[in-house]
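Student: Pasting a structure here, questions to come.
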Amino acid sequence: MSEQKYSSPLLSRHGAVAAAGPDAGVAWHYGDPTAEQRALVRGAAVVDQSHLGVVSVTGPDRLEWLHSITSAQLEGLEPRSSRELLVLSPQGHIEHAAGVVDDGKTTWLITSRPKAVELNAWLNRMKFMKQVDIADVTDQWAAIGEPISHEGNESEPVTWLDRWPEVLEGGTRYAADSSEHPGTQRPWRLVLVPREDLAAQVARREAGGWKLAGTWATEALRIEAWRPRIENEVDHKSIAHELDWLRTAVHLHKGCYRGQETIARVHNLGRPPRRLVMIYLDGSGHLLPERGANIYVGEKVVGQVTSVARHHELGPIALGVIKRSTPTDVEFVVDCDGGAISGGQEVVVAGEGVSADRPGARGETSRAARGAVNLSNAMGGYL
């Protein structure tokens, strides 16, 4: 099922409008996206996330092995404790991102449906002599989204809690402190249920007073929370620092893994070439940019839009990835079909490109210069 076009049974609901792009297969909304967003903010909505992919890893070596090949600290992970991992290229570019939760017997990896196929194949190539078994189980398990901020307990199905925007042990931040971060207002977790029980599980939550919401609502709140998503914010050049993803998905002090050199060098000596930004778009008209639209300062292209939504209070908002050197006090003009619209910039990743705990030592300037040269070589001359 993972490689086939998917259509959720909940799309047959009256008023359902199908989502497109990375959310194809589930509903964009069910007729009233504003009410759906408000219900989600109140903590009284359930979201069909059955278009996501699920990979399972079993065997006694599973956590130690995943720890050794990904960016996350997974050794000794307690059952039902949620984490997030990145798989990086040798040059440190993001190839995969997945939510991680272990139930004591199986480690569950939640990602996009196409990425689940690729991740399953890559993990099977990497297992060598380890006692692990990897499977794409997307056709067996479906995810349901809930606005809840605590881990699943033993009486609940396997549940992954999005820890964003915490700075987990071993991580660091390039954006606001967690106490000032808008993501603290976005509780979110994914509950895995047998795929044949999807409709019944959603109906149970509706019977308890929750409203069924679509991905219009979830995307608007994700953008407001500055939360990166691999299907949207990541391209073939992306490194974790540009997206502030070292908060939840990278442990800076663990052992070697593929791409670690770039993680360490950018943190210690270099600065990320680009930075994530939020854009408050002009809502006076009806134009909205598409993902990939150019972002301009004057006549100069400084980046591209990565995510767009209409927020129930903020109006049209977007995330974009721009050149780090772009001044933090300028406004943007964004390409749209049929014209262009202006947008105010909200800084997410700091313009100076320095993490909150970047080491500062004597001789830093000369070392940083040498590090920039070495980093460019390590990343294939990208910098």
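Student: Tell me which residues, restricted to region 327-340, are buried (at least 19 other Cβ atoms within 10 Å of the Cβ) and either of a type in the set (Ser, Thr, Tyr) or touching a Phe, Trp or Tyr at 6+ places or on another chain (Cβ under 6 Å) (or both).
Tutor: none
Student: Give VAL193, VAL132, VAL158, VAL202 a once-over and let me know the one that is within 30 Å of HIS253 (Cβ to Cβ), open to solvent by less than 10 Å² (accessible area, probe 1.4 Å), touching a residue at least 12 places away in the same chain (Cβ under 8 Å) and more than 17 Å from the chain's Cα centre (by Cα).
Tutor: Answer to the check: VAL132.
Student: Where residues in region 239-292 are on the phi > 0 side of the Ramachandran plot and under 18 Å from the mean Cα position of the chain (by Cα), which of them is surrounded by the most Cβ atoms within 10 Å (Cβ to Cβ)?
Tutor: ASP244
Student: Right, here's the next one. Using the structure shown, decide if GLU95 is open to solvent by 20 Å² or more (accessible area, probe 1.4 Å) and in a strand (DSSP E or B).
Tutor: Yes, satisfied.
Student: Going through region 19-34 one residue at a time, which ones are small (Gly, Ala, Ser) and either in contact with an Asp or Glu (Cβ under 7 Å, 6 or more places away or on another chain) or open to solvent by 30 Å² or more (accessible area, probe 1.4 Å) (or both)?
Tutor: The answer is ALA20, GLY21, ALA24, ALA27, GLY31.
Student: Out of all the residues in region 107-124, which are over 20 Å from ARG229 (Cβ atoms), open to solvent by less than 20 Å² (accessible area, probe 1.4 Å) and of a type in the set (S, T, N, Q)?
Tutor: THR107
Student: Now for a separate question. Looking at (1) over 30 Å from GLU36 (Cβ atoms); (2) at pLDDT 95 or above, which is the only condition PHE128 fails?
Tutor: (2)
Student: Out of VAL137, VAL100, which single residue is farther than 22 Å from VAL26 by Cα, open to solvent by less than 20 Å² (accessible area, probe 1.4 Å) and in contact (Cβ under 8 Å) with a residue 60 or more places away in the chain?
Tutor: VAL100
The values are calculated or read from the model by the stated rules, or taken from the named source; none is laboratory data. Worth saying up front: this structure is predicted, and the values here are computed from it rather than measured. Cβ atoms come from the backbone with ideal geometry, glycine included; neighbour counts cover every protein chain shown. Surface accessibility is based on the protein's heavy atoms, side chains included, excluding ligands, DNA and RNA. Shrake-Rupley method; radii C 1.70, N 1.55, O 1.52, S 1.80 Å.
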